[in-house]
Amino acid sequence: MVATRRKSAISYKEPQSDDEMDVDVAPVDDRKKTSKKSAKRAAVRDDDGDDVEFDSEEGPKPKRKKTKTTAGAVKGKKGKGKVTARSMMKDLFSTLPLDLIYEVFGHLHPLDLWQLARTNKMLRTHLMSKRSISVWKTAREAVNPPVPECPKDQSEPQWAVLLFTHNCTMCGTPRIQKIDWNLRLRGCEQCFKAHIAYRKTAKKRYPDVEKLDDILDLLPWTNTGGWAHGHASSGKFYYDSAITKMVEIVDDYQLRVDAGVKGARADLDSFMETKKLEAKEQFESGTALRNWAADTAQLKSDADAEAKTKRKEAMIAKLIDLGHDPRDVQKAANSWYTDQIFRVTTQLSEAVWKRVKSKAEELVDAEKQSRLEIEMKAIRDARRDAAKIRFDEFKKTYDSSPDNLMPSRSVFKDFPLVKAAIQREDTEVSPTIFDEAFDGLAQVLDEWRREWRVHLAKRIIDARPDSEEDKPDPIMAEKDGILYLATSLFSTCDRRPYWFTDLGRHFAGSINHWGYDF
């Protein structure tokens with residue numbers, strides 16, 4: 001005997017009819033309060049089980065209303081006898097054969113049928129009748145790419161809602177992509193975490209349900225938990241609303257058994273065996289559906305990649321035809337920040353090209369400027385190397401007496417004529433471009449050496465403790481040979497002492513007098 005009754009007292013009620021028990025009930029969540037936003041979504045959505053089930057085997061039987069015969073209904077009276085969409089719909093179903101209307105509906109997409117069924121009560125009465133099942137099947141079979149057959153545990157409207165709508169089944173949040181094919185649920189991360197119960201810990205969530213494991217054996221399960229981020233495991237997870245509903249159903253069967261109703265025990269056993277078999281079949285079909293979804297997603301990804309490649313190639317051809325350098329076009333097309341122009345699935349029509357042309361050319365021009373800067377940098381680096389070689393050759397013939405104070409290569413390349421030759425905008429790299437700079441280089445070096453010695457002399461004078469009136473003129477002090485005195489030592493960033501003739505070869509940002517005063 002399976003005792004599933006809750007511990008609170010439950011009085012026996014006459015069981016529902018077979019038709020009533022086939023209708024799904026809306027999910028119930030008695031563990032947390034529903035926010036106003038979620039309540040509003042739930043109020044306008046029709047994604048719950050009973051809303052997408054077929055109503056009955058019978059066809060639609062709209063009630064006939066009496067027509068008012070007031071004077072205001074006379075044709076031509078302003079504001080009276082107005083033709084409404086409702087009256088037009090009523091006339092449509094009363095004048096056209098139902099088979100013809102269903103034939104028209106069969107050319108719609110299943111999502112269009114679902115939205116049409118939510119338009120008004122009359123359309124819902126027709127489209128949610130089991131007599132319209134052929135309409136839903138015809139619409140589904142016409143979908144491209146094809147979708148799987150409707151599973152046994154789903155009605156055609158339920159299957160259409162699961163496949164083609166994108167709202168969370170539990171809270172109504174839009175733009176949801178995640179589907180658990182085993183449970184037939186589309187849901188957001190928050191709802192999967194809140195509404196999926198793990199078998200090993202389900203007793204904590206349902207402490208008042210006896211023989212909970214027997215109840216869970218009757219329900220479809222998934223091996224992907226709400227916190228698993230899509231990773232399957234060996235555990236079993238269940239939808240909490242399905243658990244609540246099954247507890248109520250089994251309670252009704254058990255109450256009939258306890259009341260001694262004839263055949264109640266056989267009905268309960270048959271029901272449990274059927275549900276166990278259905279749960280197993282649903283899990284197996286869920287695995288097949290998950291594989292189909294993965295294959296479909298891969299096919300779509302491949303198709304999108306092919307469409308993006310075609311779009312990029314068409315854009316490249318257009319830009320090259322406009323005279324842009326292929327190197328710049330290819331670089332712009334392959335850049336990561338051009339995805340919204342070059343790599344999109346929308347094919348390049350004339351209207352689209354007219355819209356994106358200016359932006360595409362801006363990106364190509366930016367790549368061209370970047371390329372020219374890189375090329376010019378390489379040219380200027382080659383010129384600097386040529387200038388250094390010529391300078392080394394020049395120093396071998398230059399008479400540097402009475403001392404060997406000479407500028408370093410880094411200082412030499414900043415001489416005005418040398419710098420102007422390096423910064424030229426053409427592509428010439430021959431050493432001959434420095435001919436003008438080297439023609440008068442001896443005089444330039446003599447002037448540089450004189451200015452450098454005066455500068456160093458001033459550093460020595462400034463380091464002495466003499467008063468300003470007693471300090472000699474740096475030019476006269478240099479001529480008098482102050483740099484050749486034993487106190488004329490200097491230091492740079494490395495804090496080592498240097499003789500003044502070595503400072504030119506040790507370029508540094510700061511030069512100080514060594515600080516000794518003999």
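Okay, residues lined up against (1) modelled with pLDDT under 90; (2) closer than 24 Å to residue 184 by Cβ:
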position: 54; (1), (2): yes, yes
position: 60; (1), (2): yes, no
position: 90; (1), (2): yes, no
position: 117; (1), (2): no, yes
position: 134; (1), (2): no, yes
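Of the residues in region 360-380, at least one is open to solvent by 50 Å² or more (accessible area, probe 1.4 Å) and either within 26 Å of the chain's Cα centre (by Cα) or within 27 Å of residue 456 (Cβ to Cβ) (or both). Does residue 124 qualify as being in contact with a helix residue (DSSP H, G or I) (Cβ under 8 Å, 6 or more places away or on another chain) and not aliphatic (A, V, I, L, M)? Taking the combined requirement at face value, the residue satisfies it. Residue 242 - would you say it is under 27 Å from residue 177 (Cα atoms) and not in a helix (DSSP H, G or I)? For residue 242, the condition - under 27 Å from residue 177 (Cα atoms) and not in a helix (DSSP H, G or I) - is not met.
What are the residues in region 311-334 that are basic (Lys, Arg) and surrounded by 13 or more Cβ atoms within 10 Å (Cβ to Cβ), if any?
Of all residues in region 311-334, those basic (Lys, Arg) come to 311-312, 318, 327, 331.
Within region 311-334, 311, 312, 318, 331 qualify.
What do you reckon, is residue 418 open to solvent by less than 70 Å² (accessible area, probe 1.4 Å), assigned to a helix (DSSP H, G or I), touching a Leu at 6+ places or on another chain (Cβ under 9 Å) and within 30 Å of residue 315 (Cα to Cα)? Step through it out loud before you land on a result.
Details: open to solvent by less than 70 Å² (accessible area, probe 1.4 Å): yes; assigned to a helix (DSSP H, G or I): yes; touching a Leu at 6+ places or on another chain (Cβ under 9 Å): yes; within 30 Å of residue 315 (Cα to Cα): no.
No, not satisfied.
Of all residue pairs spaced 6 or more apart or on separate chains, none has beta-carbon atoms under 9 Å together with a first member in region 318-330 that is on the phi > 0 side of the Ramachandran plot and a second member that is in a loop (DSSP other than H, G, I, E, B) and surrounded by fewer than 15 Cβ atoms within 10 Å (Cβ to Cβ). Of the residues making up region 94-114, those that are assigned to a helix (DSSP H, G or I) and open to solvent by less than 50 Å² (accessible area, probe 1.4 Å) are 98, 101, 102, 105, 110, 111, 113, 114. Residues in region 455-483 that are open to solvent by less than 50 Å² (accessible area, probe 1.4 Å) and touching a residue at least 40 places away in the same chain (Cβ under 8 Å): 456, 460.
For residues that are in a loop (DSSP other than H, G, I, E, B) and either surrounded by fewer than 15 Cβ atoms within 10 Å (Cβ to Cβ) or in contact with a strand residue (DSSP E or B) (Cβ under 8 Å, 6 or more places away or on another chain) (or both), tally how many sit in region 182-205.
Kept after step one, since they are in a loop (DSSP other than H, G, I, E, B), are these residues of region 182-205: 182-184, 187-188.
From what is left, the residues that are either surrounded by fewer than 15 Cβ atoms within 10 Å (Cβ to Cβ) or in contact with a strand residue (DSSP E or B) (Cβ under 8 Å, 6 or more places away or on another chain) (or both) are 182-183, 187.
The number of residues fulfilling the criteria is 3.
The condition of being over 35 Å from the mean Cα position of the chain (by Cα), closer than 23 Å to residue 293 by Cα and open to solvent by 60 Å² or more (accessible area, probe 1.4 Å) holds for only one of 137, 130, 152, 90, that being 152. Residue check: residue 176 meets all listed conditions (1) touching a residue at least 24 places away in the same chain (Cβ under 8 Å); (2) farther than 16 Å from residue 106 by Cβ but one, namely (1).
The values are calculated or read from the model by the stated rules, or taken from the named source; none is laboratory data. On a predicted model such as this, the values are computed, not experimentally measured, just so you know. Here the Cβ is made from the backbone with ideal geometry for all residues, glycine too, and neighbour counts use every protein chain on show. Ligands, DNA and RNA are excluded from the accessible area calculation, which covers all protein heavy atoms including side chains. Shrake-Rupley method; radii C 1.70, N 1.55, O 1.52, S 1.80 Å.
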